[in-house]
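Enquirer: There's a structure below that I have some questions on.
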Amino acid sequence: MDRLGWRTITATHERAAIAAISDLQVEAVLIDAAHPATSADLVYDLRNACQPRRLPVILVADTPAYEIPAGWDMVLSSKAHPHQIMLRLEHMVRANVAEEEYDLRRETFADLKMPSLESLGLGAGLRILSVGDPDPAFLGLMNTLRLQGAEVTAAFSSYSAFDYLHETEFDTVVLWGGATPA
């Protein structure tokens, strides 16, 4: 990880790990599943040590099981390529920073006695514009997103997509590639 630009610290005891997290700008924690102190309690203690920041805690294991134990953010194989680990870490750190930013914005709204983000409709389902042919993958994704509360609008050509974009606000646009250009 050091060769890929990540500064690493190794702590062989849980107290040393908690001290490092409290004192240093640790962005993520990788814990070997074989370490005797590996537990949900350790994850809880590590997260408390870095409050109010969020800390991704990742279990590194030799087992082929892909179930994530309660309290952990992710499980990686100990045989994973360092670049794969680095990309996963970057993703987890960015996601945690985004969550911290969201929490800070909510606190700012409350401090300024402004309406909450949820009352502004920002907590409602996503508005998604999907552009492309209605293939089975699109239909499956659309149904899944609708079950999760998203509002999905389908545009089967770029012309209708531009019309929708001028009439309605969307949170995101999904472009489907395929044999027919969107």
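Enquirer: Given Arg94, Arg146, which one is at pLDDT below 85, out of contact with any His (no Cβ under 8 Å at 6 or more places or on another chain), charged (D, E, K, R) and in a helix (DSSP H, G or I)? Reasoning before the result, please.
Expert: Numbers: Arg94 fails: at pLDDT below 85.
The conditions single out Arg146.
Enquirer: When you check Ile31 against the structure, is it under 19 Å from Thr12 (Cα atoms), under 21 Å from the mean Cα position of the chain (by Cα) and surrounded by 13 or more Cβ atoms within 10 Å (Cβ to Cβ), yes or no?
Expert: Details: under 19 Å from Thr12 (Cα atoms): yes; under 21 Å from the mean Cα position of the chain (by Cα): yes; surrounded by 13 or more Cβ atoms within 10 Å (Cβ to Cβ): yes.
In short, yes.
Enquirer: May I pose another question? Here's a check for you: in the stretch 9-28, which residue that is among the small types (Gly, Ala, Ser) and assigned to a loop (DSSP other than H, G, I, E, B) is nearest to Ile85 (Cα to Cα)?
Expert: Filtering the stretch 9-28 for residues among the small types (Gly, Ala, Ser) gives 11, 16-17, 19-20, 22, 28.
Adding the requirement that they be assigned to a loop (DSSP other than H, G, I, E, B) leaves 11, 28.
Values: Ala11: 19, Ala28: 11 Å.
Only one residue tops the list, namely Ala28.
Enquirer: Considering only residues that are surrounded by 13 or more Cβ atoms within 10 Å (Cβ to Cβ) and at pLDDT below 85, look in the stretch 121-134 and name the one that is farthest from Glu167 (Cα to Cα). Outline the logic, then answer.
Expert: Residues of the stretch 121-134 that are surrounded by 13 or more Cβ atoms within 10 Å (Cβ to Cβ), as a first pass: 125-133.
Next, only the ones that are at pLDDT below 85 stay: 125-126, 132-133.
On the way: Gly125: 19, Leu126: 16, Gly132: 19, Asp133: 21 Å.
The selected residue is Asp133.
Enquirer: Being farther than 25 Å from Ala98 by Cβ, in the same structural domain as Leu89 (by TED's automatic domain parsing) and free of Cβ contacts under 8 Å to residues at least 12 places away in the same chain is true for just one of Ala16, Ala33. Which residue is that? Steps first, please.
Expert: Numbers: Ala33 fails: free of Cβ contacts under 8 Å to residues at least 12 places away in the same chain.
Just a single option satisfies the conditions, and that option is Ala16.
Enquirer: Which of the residues that make up the stretch 63-77 are part of a loop (DSSP other than H, G, I, E, B), over 12 Å from the mean Cα position of the chain (by Cα) and either surrounded by 14 or more Cβ atoms within 10 Å (Cβ to Cβ) or at pLDDT 90 or above (or both)? Outline the logic, then answer.
Expert: Going residue by residue through the stretch 63-77, those that are part of a loop (DSSP other than H, G, I, E, B) are 63-73.
Narrowing further to those that are over 12 Å from the mean Cα position of the chain (by Cα): 63-72.
If the condition is that a residue be part of a loop (DSSP other than H, G, I, E, B), over 12 Å from the mean Cα position of the chain (by Cα) and either surrounded by 14 or more Cβ atoms within 10 Å (Cβ to Cβ) or at pLDDT 90 or above (or both), then Pro69, Gly71, Trp72 are the ones that fit.
The values are calculated or read from the model by the stated rules, or taken from the named source; none is laboratory data. In this text, all values refer to a predicted model and were calculated from it rather than measured experimentally. So basically every Cβ, Gly included, is an ideal-geometry build from the backbone, and we count neighbours across all protein chains shown.
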